[in-house]
1. Please identify the cysteines of the chain that lack any partner cysteine with a Cβ under 4.7 Å from their own Cβ.
2. When a/c is below 1.5 the answer is rounded, else prolate if a/b is larger than b/c, else oblate, so apply that to segment 91-133 with a ≥ b ≥ c taken from the square roots of the Cα gyration tensor eigenvalues.
3. Assuming R0 = 22 Å, can you tell me the calculated FRET efficiency for the pair Lys4 and Lys98, based on Cβ-Cβ distance, to the nearest 0.05?
4. Taking H placed 1.01 Å from N in the peptide plane, check which residues at least 5 places from Leu111 or on another chain put their amide H under 5 Å from its amide H.
5. Can you list the aspartates and glutamates whose alpha carbon is less than 16 Å from that of Lys83, not counting same-chain residues fewer than 8 positions off?
6. Give the aspartates and glutamates reachable from Lys79 as a straight Cα distance under 17 Å; neighbours fewer than 8 places away on the same chain don't count.
7. Please give the FRET efficiency for Glu167 paired with Ala124, using the beta carbon to beta carbon distance and R0 = 30 Å, rounded to the nearest 0.05.
8. Using a Förster distance of 22 Å, how high is the FRET efficiency between Arg68 and Arg88, based on the Cβ-Cβ distance and rounded to 0.05?
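Please treat every number below as a calculation from the coordinates, not as lab data. Since the model is a prediction, treat every value here as computed from it, not as a measurement. Note that we place each Cβ from the backbone using ideal geometry, even for glycine, and neighbour counts take in every protein chain shown.
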Amino acid sequence: MNCKELAYMLADYCNGSMDPRLREELDTHLVRCEPCMAFTKTFQATCEETWKLREAIEYAIPAEVRERLDLFVRAAALKYPDKMREYRNQIERDRREKVADLVGAAAAGKLSSAAALLVESHCAACPECREYFDALRKTGALQPGDPPAVFRSHMIALMQALPPGEEFFLA
């Protein structure tokens, strides 16, 4: 475990969703690395303050404004159903393409270290994704058709967990 890897996994560490084995590695690193310990404490404090701020903002929006906004969005969706369908289809195509790129990078052994750690820690806790990646490793080739929906949704969430500017594959 190094300092950069710690920084990538800090959110999971702080919210308790990290694989226990990785958590032990991080704890060991924190005991030995004063700068990372200070960074972790600052990160935790920032997260706590952000949650407090988020709660204050969410509750400050008057119910009437929320209802009017909801009605406006629903009316626009009803008025332009073709545009909404086109928008949803484009989002789904983009997601499928991103997951296919991630799976291809994983099959080729070209995941970035941050993405590899995220995938590894996720697969340690998720049997469906572990099964999919195990089959990928055994065959060395992509499975025909789209991956299962649960796998796709998990991989999209992992990609969103990467820090801004960090790619999930190596160039």
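1. Within the chain, the cysteines lacking a partner Cβ under 4.7 Å are Cys3, Cys14, Cys47, Cys123.
2. Working: a/c = 1.92, a/b = 1.32, b/c = 1.45.
Taking the square roots of the gyration eigenvalues as a ≥ b ≥ c, segment 91-133 is oblate.
3. Details: r = 23 Å, r/R0 = 1.06.
Computed FRET efficiency for Lys4 and Lys98: 0.40.
4. The list, which skips near neighbours in sequence, is Leu170.
5. Result set, ordered by chain and number: Glu92.
6. Straight-line reach from Lys79, under 17 Å: Asp70.
7. So the FRET efficiency works out to roughly 0.85.
8. On the way: r = 24 Å, r/R0 = 1.07.
Once rounded, the FRET efficiency stands at 0.40.
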